[in-house]
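The structure appears right after this line, and notes come after that.
The values are calculated or read from the model by the stated rules, or taken from the named source; none is laboratory data. Just so you know, these numbers come straight off a predicted model, no measurement behind them. Counting neighbours? That spans all protein chains shown, and the Cβs are built from the backbone with ideal geometry, glycine included.
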Amino acid sequence: MTHLIVSEVTLTFGGLNALTGVNIAIEPGLITSIIGPNGAGKTSLLNCVSGFYHPTLGEIRYGKYNLTHASPHRISTMGIARAFQNLELFRGLSVLDNLLLARHKHLNYSIFHAIIYFGKASRIEAENRAYVEKVIDFMELEPYRKKMVGNLSYGVQKRVEVARALTLAPQLLLLDEPMAGMNIEEKEDIVRFILDLKKEWGMTVVLVEHDLGVVMDISDRIYVLDFGVLIGWGKPEEVATNPKVIDAYIGEE
Amino acid sequence: MSVNRWLATGNYFTSYKEEQRIFFTSLDRSAMGLLLLGLFLWPLFIQLDNKYMLVIDNILVAVVAVMGLNLVTGFAGLISIGHAAFVGVGAYTIASFARVMGENHILLTHAWPLMIVVAGCIGAIFGGIVGLPALRLKHLYLAIATLSFQMIFQWTINFMDFFNQGQTISVSRVTWVTGQVSRSQHYTFWYYAILGVIVLAGFAVRNLLRTRYGRCLVAVRDNDRAADAMGMHPGFTKVYAFALAGFLAGVAGALHAYLYRGVGVESFTLHHSISFLAMAIVGGLGTLHGSFLGPLAIKLLDLQVERLSEWVGNHLTIATNLATALKPLSFGLVIVLFLMFEPRGIANWWRIVRSYVKLWPFKY
């Protein structure tokens, strides 16, 4: 099992420090949450891990890989997948095609096979379709399989977003506010999915979330960011009693 | 319960492989078969004037070109205003061979299918090179980069002696198994040849679109950030889209050169690029059958408007000047009307009619 180690990462935009000397170690097989007030740098940190930003200083390692300067499409092949906060789906494609796109790297046939289609391309497409169906089954997306993603409701689109990250077959799943803007029922569904992912699929989950109730309930480890600085970490009960964290969330009297 | 493959009801699949089919019902497949059969057989029964046969051939060449443009602009979402230049690259590939080896060289007259593929490959190479700015540029900036290629192309052809400074370079008649294609058979022969190319290219594109090589185009159109996170290099995917479009454009160019038995720069100007774009929009961006309907609609409209302006010129001599302006006017008007009222093109009408017929007599 591989650890994700973020060491002394600083991310600077012009004169602004989005992240300052952040150290995080994500242990495999656990649900780790990153919380903090708006603008604390949570999404910036995820962007650094998934390769959309590159840290100004410091290093990010995942097992034997160095992610510091790797591009997103390289990182997606290392077993790290990411679901976006604002829906970044392929709106003009069906749910099925969205998920099949995540199998892009597993569809290893040449363009000539693709043009002829019969034979190799057809066989590999069918094999990957079977994997996609496994994810559809798990995320309970069966009724929407052939629907255009752009026409689906927000809650379902969010679920497709998580499903697409899952279809990459990662060991480490980065979820950026998967429950934002959802009602209680939809939140409960997503929480159930995340817990099942940990238990049944043995996946490591990194969760960025604003709903503190959910975070405290399901996380094994919590890291708290404020203004780009790590102000607290540990098990949920440790973080809940950390005076710095209480200060950041509630403020002084 | 047994499977009924003829209608949508009762037509179910038990394996993922079965579900990959292009035609979901046998009815669809038979209709397509009949359409193709009709397209191949009608010249045997109806003898058309050479003038009209040329118009039909012209539409078919445009279909090949627009199929390419639809891949890059419709599916991959990259506006290309230099498509006529890519078609020109294909045509001038044939012209260059004619200049270097002589127009009656055996490669040009006998191995013409090979030459068409070679022209396509050269088109793909140029497409890839012109697509390189897509690694950095997006949207309108990229469109301007393709426009610059159109300009460079025209200047290069106009100022190089090798290309006869844009004047016609002739290409000889080709030879088929029955011997040299004569003057009277020329247009019918090329009708069949181009139709064959369209059928091959059409099925190739349809196949491509149900594999990773087609899906990645739509992915970079809809969201290139997410495409990046899904493991594809968005920049290279765009370059690949341009290369694909360049290939089909090159093939169209070679067909144009053989059809007209000559290549001149006046067939590959900016005006033609915009016409191709209009055909793609009117037909329906991002749909395969839009590539067939668009050229047909625009070229037939052109023909009718030309007739009308001729008639007006003969009967109302005072309005002759006005009548000549009718063609560009109607062309522009059609594009504006389509962009306003049916941005999804004629292909959308087809979709509506289809779903209506499927559900008839019920509303939904």
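The condition (being among the polar types (S, T, N, Q) and within 9 Å of chain B (Cβ to nearest Cβ)) is satisfied by just one residue among A:T77, A:T68, A:T56, A:T43: A:T77.
Output the residues belonging to the stretch B:19-42 that are touching a helix residue (DSSP H, G or I) at 6+ places or on another chain (Cβ under 9 Å) and not aromatic (F, W, Y). Can you show your working first?
Our first condition is that a residue be touching a helix residue (DSSP H, G or I) at 6+ places or on another chain (Cβ under 9 Å); within the stretch B:19-42, this holds for B:19-23, B:36, B:39-40.
Matches in the stretch B:19-42: B:E19, B:Q20, B:R21, B:I22, B:L36, B:L39.
A:R103 meets the conditions (1) basic (K, R); (2) surrounded by fewer than 22 Cβ atoms within 10 Å (Cβ to Cβ); (3) touching a residue at least 60 places away in the same chain (Cβ under 8 Å) in every case but one. The failed one is (2).
Taking the stretch B:244-261 on its own, how many of its residues are buried (at least 20 other Cβ atoms within 10 Å of the Cβ) and either in contact with a strand residue (DSSP E or B) (Cβ under 9 Å, 6 or more places away or on another chain) or basic (K, R) (or both)? Write out each step before concluding.
Let us first name the residues in the stretch B:244-261 that are buried (at least 20 other Cβ atoms within 10 Å of the Cβ), namely B:244-259.
If we keep only those that are either in contact with a strand residue (DSSP E or B) (Cβ under 9 Å, 6 or more places away or on another chain) or basic (K, R) (or both) too, we end up with B:253, B:256-257.
So the answer is 3.
When the helices (runs of 4 or more DSSP H) confined to the stretch B:210-315 are screened for residues that are within 14 Å of another protein chain (Cβ to nearest Cβ), those reaching at least 2 such residues are found at B:212-222, B:224-229, B:234-260. The criterion of being touching a residue at least 12 places away in the same chain (Cβ under 8 Å), among the β-branched types (V, I, T) and under 23 Å from A:N23 (Cα atoms) holds for A:I222.
Do we find that B:R29 is of a type in the set (K, R) and not in a helix (DSSP H, G or I) in this structure?
Working: of a type in the set (K, R): yes; not in a helix (DSSP H, G or I): no.
Answer is no for this residue.
Comparison of B:S291, B:S273 shows that the only residue that is touching a His at 6+ places or on another chain (Cβ under 6 Å) and surrounded by 22 or more Cβ atoms within 10 Å (Cβ to Cβ) is B:S273.
Listed here are the residues, each with its yes/no results for (1) within 14 Å of chain A (Cβ to nearest Cβ); (2) out of contact with any Gly (no Cβ under 7 Å at 6 or more places or on another chain); (3) touching a residue at least 24 places away in the same chain (Cβ under 8 Å).
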site: B:S2; (1), (2), (3): no, yes, no
site: B:L7; (1), (2), (3): no, yes, no
site: B:G10; (1), (2), (3): no, yes, no
site: B:E19; (1), (2), (3): yes, yes, no
site: B:L48; (1), (2), (3): no, yes, no
site: B:V61; (1), (2), (3): no, yes, yes
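Taking the criterion of being closer than 19 Å to B:A229 by Cβ and either in contact with an Asp or Glu (Cβ under 8 Å, 6 or more places away or on another chain) or outside any helix (DSSP H, G or I) (or both), the residues of the stretch A:146-162 that qualify are A:K158, A:R159, A:E161. Among residues of the stretch A:85-100 being more than 7 Å from every other protein chain (Cβ to nearest Cβ) and under 19 Å from B:R21 (Cβ atoms), the one that is surrounded by the fewest Cβ atoms within 10 Å (Cβ to Cβ) is A:S94. The set of residues in the stretch A:115-145 that are facing another protein chain (nearest Cβ under 10 Å) and either under 16 Å from A:L87 (Cα atoms) or part of a loop (DSSP other than H, G, I, E, B) (or both) comprises A:Y117, A:F118.
I'd like to verify a number: residues in the stretch A:101-114 that are more than 7 Å from chain B (Cβ to nearest Cβ), within 28 Å of A:G150 (Cα to Cα) and part of a loop (DSSP other than H, G, I, E, B), how many?
1
Can you spot a residue in the stretch B:346-357 that is farther than 30 Å from B:L78 by Cα, more than 21 Å from the chain's Cα centre (by Cα), at pLDDT below 85 and of a type in the set (A, V, I, L, M)? Among the residues of the stretch B:346-357, not one is farther than 30 Å from B:L78 by Cα, more than 21 Å from the chain's Cα centre (by Cα), at pLDDT below 85 and of a type in the set (A, V, I, L, M), which makes the answer no. Would it be correct to say that A:R82 is among the basic types (K, R), under 25 Å from A:A180 (Cα atoms) and more than 7 Å from chain B (Cβ to nearest Cβ)? Taking the combined requirement at face value, the residue does not satisfy it. Looking only at the stretch B:117-176, residues that are loosely packed, with under 13 Cβ neighbours inside 10 Å and assigned to a loop (DSSP other than H, G, I, E, B) come to 2 in all.
Rundown of residues vs (1) surrounded by 15 or more Cβ atoms within 10 Å (Cβ to Cβ); (2) in a helix (DSSP H, G or I); (3) away from chain A (no Cβ under 14 Å), yes/no style:
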{"site": "B:T14", "(1), (2), (3)": "no, no, no"}
{"site": "B:I22", "(1), (2), (3)": "no, no, no"}
{"site": "B:L44", "(1), (2), (3)": "no, yes, yes"}
{"site": "B:D57", "(1), (2), (3)": "yes, yes, yes"}
{"site": "B:M67", "(1), (2), (3)": "yes, yes, no"}
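Annotation note: Cβ proximity below 7 Å between a residue of the stretch B:340-361 that is outside any helix (DSSP H, G or I) and a residue that is small (G, A, S) (sequence gap 6+ or interchain) occurs for B:R344/B:G284; B:G345/B:G283; B:G345/B:G284; B:G345/B:G290; B:G345/B:G294. Of the residues B:Y240, B:Y187, which single one is aromatic (F, W, Y) and over 21 Å from B:G128 (Cα atoms)? B:Y187 is the lone residue from the list that is aromatic (F, W, Y) and over 21 Å from B:G128 (Cα atoms). Scanning the stretch B:262-289 for residues that are in contact with a strand residue (DSSP E or B) (Cβ under 9 Å, 6 or more places away or on another chain) and closer than 25 Å to B:L208 by Cβ yields a count of 0. Look at (1) touching a helix residue (DSSP H, G or I) at 6+ places or on another chain (Cβ under 6 Å); (2) at pLDDT below 90 and you find that A:N86 fails only one, number (1).
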